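Undergrad: My questions will all concern the structure given below.
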Amino acid sequence: MQPRRIVLLGSTGSIGTQAIDVVDGAPHLFEVVALSAGGGNLELLARQAVHTGAAAVGIAGGDPGRLEELIRDAAAAAGRPGYRPDIVAGPDASARIAAMEADVVLNGITGSIGLAPTLAALESGATLALANKESLIVGGSLVKAAARDGQIVPVDSEHSAIAQCLRSGTPNEVDKLILTASGGPFRGRSREELHGVTPQEALAHPTWDMGVMVTTNSATLVNKGLELIEAHLLFDIPLDRIDVVVHPQSVVHSMVQFVDGSTIAQASPPDMRLPIALGLGWPGRVPNAASPCDWTQATTWTFEPLDTEAFPAVGLAKDAAKQGSTFPAVFNAANEEAVTAFHSGRIRFTDIVDTVDSVLSEHSGSSGLTVESVLDAESWARARAHERLAVSSL
């Protein structure tokens, strides 16, 4: 059996680097044929290119000439002086890389800039291993219309867990989807206690090691709101049949409740290599992708209801999803601007979700969902968020 040809988008980020770990552990199953990254870490991208032997490397920003030099130097140091991949540069580099011939495209880009690469990957016919939840959330019906049945495989740990649990029953036997949340670094605090938390505290996630945006979204629970919308779109389950429960240990990654009262849970130590491996190998499992639970040790798992007063983001996301159209895109864009303002010291932590709420309340939606209407809505949301943030700055 020939190895699956893999394209990695966002290869220098957390998902991309762990995906290369998975490929390294199963070279008989996977072969990286192309990489792309934003261009903020050209040295790492060059080393990844030489290490994987990718035929093409894309960068959205940065100096392609400098990348070519770094690849040449890394290739010489690795004893591969003849290695010269094609270099694709420019804002559309990831979309062009995603369109290349492959079996699986792993979209590990952060943010709604992943929409065009997602659509390009689907159009190519490859399986889309989707870690870039934002592209599905803002693209909504656009992405779903572009995908054939089963073409999108989720890589988020929660949605990977749900996909695994859904194997236990037929679609008409599903009662509810239950997303688990760690609760982030501020679990148990009241809204008043959240006013003064610092950016450093918001980045001290108790379980996962992620980038600034995703980690902050986990602290506000915006990330769980985005995941709720993603679950609704991926699995065609009504929003009112998707719940969120706080599970601080992050071992049970999500659950499916069936109509007979049975609940099926997927459990494993927190390690993104497991859902990444499933995304690359679906529907097969990759042996030794991650360590299992150690059942020889005593352990306790706890589950708590979500404090919706302290963390209103999940309810706000559900409302945006019910509105449909470009409301989820506005939710996401306004949040990104507010998170940036928080980390620059201009607003308080609680102002992040308050800003999103305010911008959503002013949005009127779009008559039709197109790439252009999504981009227009995002631009409007960012501009309106900037105006509100200027007023509420500390």
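Undergrad: Listed residues Gly58, Gly53, Gly13; which is touching a strand residue (DSSP E or B) at 6+ places or on another chain (Cβ under 9 Å) and at pLDDT below 95?
TA: Details: Gly58 fails: at pLDDT below 95; Gly53 fails: at pLDDT below 95.
Among Gly58, Gly53, Gly13, only Gly13 is touching a strand residue (DSSP E or B) at 6+ places or on another chain (Cβ under 9 Å) and at pLDDT below 95.
Undergrad: Within the range 81-108, track down each residue that is among the β-branched types (Val, Ile, Thr), surrounded by 23 or more Cβ atoms within 10 Å (Cβ to Cβ) and more than 20 Å from the chain's Cα centre (by Cα).
TA: So in the range 81-108, the residues among the β-branched types (Val, Ile, Thr) come out as 87-88, 97, 104-105.
Filter once more, keeping what is surrounded by 23 or more Cβ atoms within 10 Å (Cβ to Cβ): 97, 105.
Matches in the range 81-108: none.
Undergrad: For the subset of the range 32-67 comprising residues that are assigned to a strand (DSSP E or B) and free of Cβ contacts under 8 Å to residues at least 60 places away in the same chain, which member is surrounded by the fewest Cβ atoms within 10 Å (Cβ to Cβ)? Working first, answer last.
TA: At the first step, the residues of the range 32-67 found to be assigned to a strand (DSSP E or B) are 32-37, 56-59.
Now drop any that are not free of Cβ contacts under 8 Å to residues at least 60 places away in the same chain, which leaves 32, 37, 56-59.
Working: Val32: 25, Ala37: 30, Ala56: 18, Val57: 27, Gly58: 32, Ile59: 25.
So, considering only residues that are assigned to a strand (DSSP E or B) and free of Cβ contacts under 8 Å to residues at least 60 places away in the same chain, the one surrounded by the fewest Cβ atoms within 10 Å (Cβ to Cβ) is Ala56.
Undergrad: So in the range 109-164, with the set limited to residues that are among the small types (Gly, Ala, Ser) and under 11 Å from the mean Cα position of the chain (by Cα), which one is surrounded by the fewest Cβ atoms within 10 Å (Cβ to Cβ)?
TA: Narrowing the range 109-164 to residues among the small types (Gly, Ala, Ser): 111-112, 114, 116, 120-121, 124-126, 129, 131, 135, 139-141, 145-147, 150, 157, 160-161, 163.
Retained after the next criterion (residues that are under 11 Å from the mean Cα position of the chain (by Cα)): 111-112, 114, 129, 131, 135, 157.
Values: Gly111: 19, Ser112: 23, Gly114: 27, Ala129: 31, Ala131: 30, Ser135: 27, Ser157: 24.
So the residue we want is Gly111.
Undergrad: Quick check: is even one residue across the range 36-51 assigned by TED's automatic domain parsing to the domain that holds Ala120 and within 23 Å of Gly125 (Cα to Cα)? Let's see the steps before the verdict.
TA: Keep residues of the range 36-51 that are assigned by TED's automatic domain parsing to the domain that holds Ala120, which gives 36-51.
Adding the requirement that they be within 23 Å of Gly125 (Cα to Cα) leaves 36-37.
Yes: one or more hits.
The values are calculated or read from the model by the stated rules, or taken from the named source; none is laboratory data. Everything quoted here is computed from the prediction, not taken from an experiment. Glycine also receives a Cβ, built like all others from the backbone with ideal geometry; neighbour counts cover every protein chain displayed.
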